[in-house]
Each structure stands twice: as structure tokens, then as C-alpha cells.
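Engineer: Take this structure first; my questions come after.
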Amino acid sequence: MKFRIYRYNPETDAAPYMQSYELPVEPAGKMLLDALLLLKEQDDSLSLRKSCREGVCGSDAMNINGRNGLACITPLSSLKEPVELRPLPGLPVIRDLIVDMTQFFKQYHSIKPYLVNNDPPPETERLQSPAQREHLNGLYECILCGCCTTACPSFWWNPDKFVGPAGLLQAYRFIADTRDQATSERLDDLEDPYRLFRCHTIMNCVDVCPKELNPTEAIGHIKDMMIRRMV
Amino acid sequence: MVNRVVVGAHYGLRDWLIQRVTAVVMAVGSLSLGGYLWLHPHPGYDGWTGLFASAPVRAFALLFLISLYYHAWIGMRDIVMDYVKPAGVRLVIHVLVILALLLYTIWSVQILWGM
């Protein structure tokens, strides 16, 4: 199979370039990550992140033939040749396919991704009814791989001010949680023209999410709650 | 002055909502005008003056135009927010856009009631 991979080592390269590789591999039953690890045996300078190799850790997010996804759960047989691999767009490149996720996690931290509850901790757990727990489905599964946020033009334009789809999905995960007591503060925090309202419903996030989550829907629910609070 | 990233101006929801409401007004206006032209394909001078002689038509036409200008203001502001980073230049562009849209509003009143 033919590959074209984005290469950049800031210590030795003046500018990024695309390097061609050829790999004698039978695509059936293999994932893109398998091919990348075989390529790394050919050329050990090729750099990428990976860990769980089964779509749970979110480390090997990259731009695959122009579309963000996880290399470990992308079947090789589904890819058109030459397979073009680039780092996630919109973030600074550290080396080859590795990007600096600092800005992404800064936005994630800004929505306070933890339960705020000032009641004394109960003996066992803070309980929820099955119906209340149901609201967290489709929200808690996010693995923070960054595919959605780095596919979002609003984030490319304002990465320092727009929270991005991954952060907003998590914001709604805590707004929707009946055990959380900071709902109003959370809504206040997002009610400015940048943090949430830079979302123009482009829906690249929904298109690329490897876990098939729907940040646009979560953003819509946050807007609904803001309106219900206002009127 | 320290140059820190500042967010938190609380008009995001209001402007987003106004943009939706003005869009509905414009959609209703456009469909109504389309319907009128479908029923009266060639209104001519008399047809148009006859239509706008009615006070509710004028009032709705003004509502349509004000919706258009307000909608345009939010759209223009969004574009400026994306592409013009220095706060001073941005403020000047915002003021110019607002003044132009206010002038258009006055002009629209003059056209609608001066016929």
C-alpha cells in the first residue's frame, strides 16, 4: 500500500514536507495503526502517539485522507491510496503526527470538568435514578481525542476563546448531571459571544467523532437551557 | 495595560436569539412577497403603490427591513470578531457598521412613508 505522511522535525527541518512510503501489507483485517507501526519498523524516525490501540485512549487521532479519525479503529481496507496522513489541524505540530494539545486541554479545563456539589459527602455514593443517569449517555463516552475540536473552523479561528465541541460536550455532561449544583454558574460562563456562541452549527464535530457522539446536539441543549432560564 | 485573553461579555445568547427571530421575520416577509408576486406576476407602478398604500404592509415592510439590518449587524460583528483582532480597529469598524445600518433604517422610513 502507498502512503504519504506529513513529516516535520523542528530541530532539523526548515519546513514540513510529505514523505512517500510503500508497505507490502494485506489490508484485510488490519487497522491503519498496524500499518503505521510496520512503517515505523522501516523508518524509526516516524513519530506518532498511540497507546491502547482499540479506540479508547484517543492518543492516535490524526487527519486521515483529509478527515480526522483514530488510526487504531480505521480499517486499512476503507482507505483510498495513497493514504495521506497529517497531524490534527489547527494545533501546533511538535513532530510529524504529534501535535501540542495544550490549547485543547486548556479549554477543556475551563469548563470545570468535575462535579461541583457542596453538600456533605454521603456515606456511600451520590445516587441518581436510572432516568437521571440516562441523560449522561452520549456525553460521558468522550475520550478527548480532539478529532472534533480540531475539525471545527470556529476553533481554528478562535482557539483561545471558543471552548470547542469536545469542551462543550463535557460542559453539557456536567450541566445535565442532577448531582451537580453549579448549573447556573456553568451557564453564566458560556453565555458570552465566544465561548459557546462561536458555534455556527457547522457540524464537522458530529461528522468526525470516532465515538459517534453529537456535540452539536449538546450545544443545542445548552442553548435551550439558557433560553428557559431567561424567559 | 496587560494583554490577557478576556471573555465573558454576557450578550451571546441575546444576539443569537435575535438573529433567529429576525431570520423568521425575514423568511415570512420573503415568502409573503413571493406569494404576492405569484398572484400578481406584473404589478407595475400602480400595483406597487397600491400594495404599499396599506398601513399594515408598510409597517411589516419596515419590520422586515429593521430585522434585516439587525441580522446584518450580528453577522458583520461575527465576521469582524473572526478576522479583525486589534480591539481599536474592531471598535471603529463596529461603530461604522452600526451608523451605516442606522442610516439605512432612517432611509427606509423615508422611502416607505415618503411615497
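Engineer: Output the qualifying pairs, or none if there are none: Cβ atoms under 6 angstrom, residues six or more apart or on different chains, first residue in the stretch A:153-166 and more than 12 Å from chain B (Cβ to nearest Cβ), second residue crowded, with 16+ Cβ neighbours inside 10 Å and hydroxyl-bearing (Ser, Thr, Tyr).
Structural biologist: A:164/A:149; A:165/A:149; A:166/A:149
Engineer: Cβ-Cβ distance below 6 Å, separation of 6 or more or different chains: which pairs start in the stretch B:1-17 with a residue that is within 14 Å of residue B:77 (Cα to Cα) and surrounded by 10 or more Cβ atoms within 10 Å (Cβ to Cβ) and end on one that is aliphatic (A, V, I, L, M) and modelled with pLDDT of 75 or more?
Structural biologist: B:15/B:74
Engineer: Give the residues of the stretch A:93-128 that are outside any loop (DSSP other than H, G, I, E, B) and not hydroxyl-bearing (Ser, Thr, Tyr), sorted by residue number.
Structural biologist: Within the stretch A:93-128, A:93, A:94, A:95, A:98, A:99, A:103, A:104, A:105, A:106, A:107, A:109 qualify.
Engineer: Turning to a different aspect of this structure: Among the residues of the stretch A:199-220, how many are part of a loop (DSSP other than H, G, I, E, B) and out of contact with any Phe, Trp or Tyr (no Cβ under 9 Å at 6 or more places or on another chain)? Give the steps one after another, and end with the answer.
Structural biologist: Within the stretch A:199-220, the subset part of a loop (DSSP other than H, G, I, E, B) is A:199-203, A:209-214.
Filter once more, so that each one left must be out of contact with any Phe, Trp or Tyr (no Cβ under 9 Å at 6 or more places or on another chain): A:200-203, A:209-214.
Counting residues in the stretch A:199-220 that are part of a loop (DSSP other than H, G, I, E, B) and out of contact with any Phe, Trp or Tyr (no Cβ under 9 Å at 6 or more places or on another chain) gives 10.
The rows are residues; the columns are (1) of a type in the set (Gly, Ala, Ser); (2) away from every other protein chain (no Cβ under 14 Å); (3) outside any helix (DSSP H, G or I); (4) at positive phi.
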| position | (1), (2), (3), (4) |
| --- | --- |
| B:8 | yes, no, yes, yes |
| B:21 | no, no, no, no |
| B:25 | no, yes, no, no |
| B:28 | no, yes, no, no |
| B:48 | no, yes, no, no |
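Engineer: Quick check: is even one residue across the stretch A:216-229 free of Cβ contacts under 8 Å to residues at least 12 places away in the same chain, within 14 Å of chain B (Cβ to nearest Cβ) and basic (Lys, Arg)?
Structural biologist: yes
Engineer: So, one more: In the stretch A:34-67, how many residues are touching a residue at least 24 places away in the same chain (Cβ under 8 Å) and more than 25 Å from residue A:13 (Cα to Cα)?
Structural biologist: Within the stretch A:34-67, residues that are touching a residue at least 24 places away in the same chain (Cβ under 8 Å) and more than 25 Å from residue A:13 (Cα to Cα) number 6.
Engineer: Return the residue satisfying two criteria in turn: it lies in the stretch A:169-183 and is under 13 Å from residue A:112 (Cα atoms) and small (Gly, Ala, Ser), and of such residues it is nearest to the other protein chains (Cβ to nearest Cβ).
Structural biologist: A:171
Engineer: Follow-up. Go over the candidates B:81, B:76 one by one and state the one that is in a helix (DSSP H, G or I), under 13 Å from the mean Cα position of the chain (by Cα), without any contact (Cβ under 8 Å) to a residue 24 or more places away in the chain and within 14 Å of another protein chain (Cβ to nearest Cβ).
Structural biologist: After applying the criteria, what remains is B:76.
Engineer: Something else about it: Just for the stretch A:188-215: of the residues that are acidic (Asp, Glu) and more than 11 Å from every other protein chain (Cβ to nearest Cβ), which one is surrounded by the fewest Cβ atoms within 10 Å (Cβ to Cβ)?
Structural biologist: Top of the filtered list is A:212.
Engineer: Further question on the same structure: In the stretch B:56-115, what residues are surrounded by 16 or more Cβ atoms within 10 Å (Cβ to Cβ), closer than 30 Å to residue B:3 by Cα and among the aromatic types (Phe, Trp, Tyr)?
Structural biologist: Correct list: B:73 only.
The values are calculated or read from the model by the stated rules, or taken from the named source; none is laboratory data. Predicted, not measured: the structure shown is a model, and the values here were computed from it. Every residue, glycine as well, gets a Cβ built from its backbone with ideal geometry; the counts of neighbours run over all protein chains shown.
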